[in-house]
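K.L.:
I'd like to ask you about the structure that follows.
The values are calculated or read from the model by the stated rules, or taken from the named source; none is laboratory data. The structure displayed is predicted, hence computed values, not measured ones. All Cβ positions, glycine included, derive from the backbone under ideal geometry; neighbour counts span all protein chains shown. Each accessible area value is taken on the protein alone, full model and side chains, heavy atoms only, with ligands, DNA and RNA left out. Shrake-Rupley method; radii C 1.70, N 1.55, O 1.52, S 1.80 Å.
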Amino acid sequence: MERIMETPKSGIYRRFFKRPMDFFLSLTALIILSPVLVIIGLLVRIKLGSPVIFKQERPGLNEKIFTMYKFRTMTEEKDENGKLLPNKKRLTKFGKLLRATSLDELPELFNVLKGDMSLIGPRPLLTEYLPLYNEHQKHRHDVRPGISGLAQINGRNAITWEEKFDYDVEYVKNISLKLDCTIIFQTFLKVIKREGINSSEFVTMKKFKGTEN
C-alpha cells in the first residue's frame, strides 16, 4: 500500500521536526508531572491493587506492534467460571475519574519518549482491528499513533468508527506544526470540559467490526 501524498512542507515537518519535538516535550512533561505520576500510581495500587500499569500490544507506525502503557482503571473481578466480568462492572468510581480526566493516559508519555508514539496522531487501537481496515482506513498507520488526535477533539467516543478513521486520515494528509499545536490546545479544553468520554451507556466504544462498502 502506497503512502498518502504529502506536501513538501508537511513532509519536512514530519521527517525532521516532529520526533525531536515529541522527545523534548514528553521528557519535559514527565519531569514536571513526576509527582502526579507517583501519586496516581500509589492511589491505583491502594484502590485497585497490582499491577499499577496496564500494558497492551497496539499497532503503531507501519502497523509495527508495540506495548502501550496506561494507568490501570479496572479491577480483575471474575465470574464463577473464572472469566473477567464485563468492563462496566469492573470499572470503579476511581477508574471513571481517571478516564474522565484522561489521567490514565499519562504513562503513554513514556511511549512517546521511546518513539513508539507521538503526542499527536491517530489513537493506537486494538491489534485485532488490523485485518478489518479498508484501504482508506489503513493510512492511519502512515504516521506514529498519538496520545490525542484530530478524532479526539471532534467527538472522541461520541462519533462513529468511520468518522474517527476519516479524521485520522485527514490528519495524515495535513500533518503540520500548526495542526499539532491546535490539537494540543483543543485537547486541553476537551479534558477540562470532559467532553466525549463515553458513548451513551457504554463504558467504551463498541468494538469495530469492519466497514461495509
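K.L.:
Filter the range 64-84 down to residues that are hydrophobic (A, V, I, L, M, F, W, C) and surrounded by fewer than 14 Cβ atoms within 10 Å (Cβ to Cβ) and give me whichever is farthest from P107 (Cα to Cα).
P.N.:
L84
K.L.:
If a residue must be surrounded by fewer than 16 Cβ atoms within 10 Å (Cβ to Cβ) and under 20 Å from the mean Cα position of the chain (by Cα), how many such residues does the range 35-45 contain?
P.N.:
1
K.L.:
Return the pairs, sorted by first residue and then second, in which the second residue is surrounded by 11 or more Cβ atoms within 10 Å (Cβ to Cβ) and part of a helix (DSSP H, G or I), the first residue lies in the range 25-49 and is in contact (Cβ under 8 Å) with a residue 60 or more places away in the chain, the beta carbons are less than 7 Å apart, and the residues are 6+ apart or on different chains.
P.N.:
If the second residue must be surrounded by 11 or more Cβ atoms within 10 Å (Cβ to Cβ) and part of a helix (DSSP H, G or I), the pairs left are S26/L109; S26/V112; S26/L113; L27/L113; A29/L109; L30/L109; L30/L113; I40/L103.
K.L.:
Here is a follow-up. I'd like to verify a number: residues in the range 82-96 that are modelled with pLDDT under 80 and in a loop (DSSP other than H, G, I, E, B), how many?
P.N.:
Of the residues in that region, 1 qualify.
K.L.:
If you go through the range 129-151, how many residues are free of Cβ contacts under 8 Å to residues at least 60 places away in the same chain and open to solvent by 30 Å² or more (accessible area, probe 1.4 Å)?
P.N.:
3
K.L.:
So in the range 39-78, with the set limited to residues that are in a loop (DSSP other than H, G, I, E, B) and in contact with a Pro (Cβ under 7 Å, 6 or more places away or on another chain), which one is modelled with the highest pLDDT?
P.N.:
Restricting attention to the range 39-78, the residues satisfying the condition of being in a loop (DSSP other than H, G, I, E, B) are 49-52, 60, 64, 72-73, 75-77.
Add one more test, that the residue is in contact with a Pro (Cβ under 7 Å, 6 or more places away or on another chain), and what stays is 60, 72.
Numbers: G60: 97, R72: 93.
The residue in question is G60.
K.L.:
In the range 170-182, which residue that is β-branched (V, I, T) and buried (at least 20 other Cβ atoms within 10 Å of the Cβ) is nearest to T211 (Cα to Cα)?
P.N.:
V172
K.L.:
Which one of these is in contact with a Phe, Trp or Tyr (Cβ under 9 Å, 6 or more places away or on another chain) and open to solvent by 30 Å² or more (accessible area, probe 1.4 Å): L103, L48, L61, L98?
P.N.:
L103
K.L.:
From K209, K193, which residue is among the basic types (K, R), farther than 24 Å from Y13 by Cβ and at pLDDT 85 or above?
P.N.:
Criteria check complete, one pass: K209.
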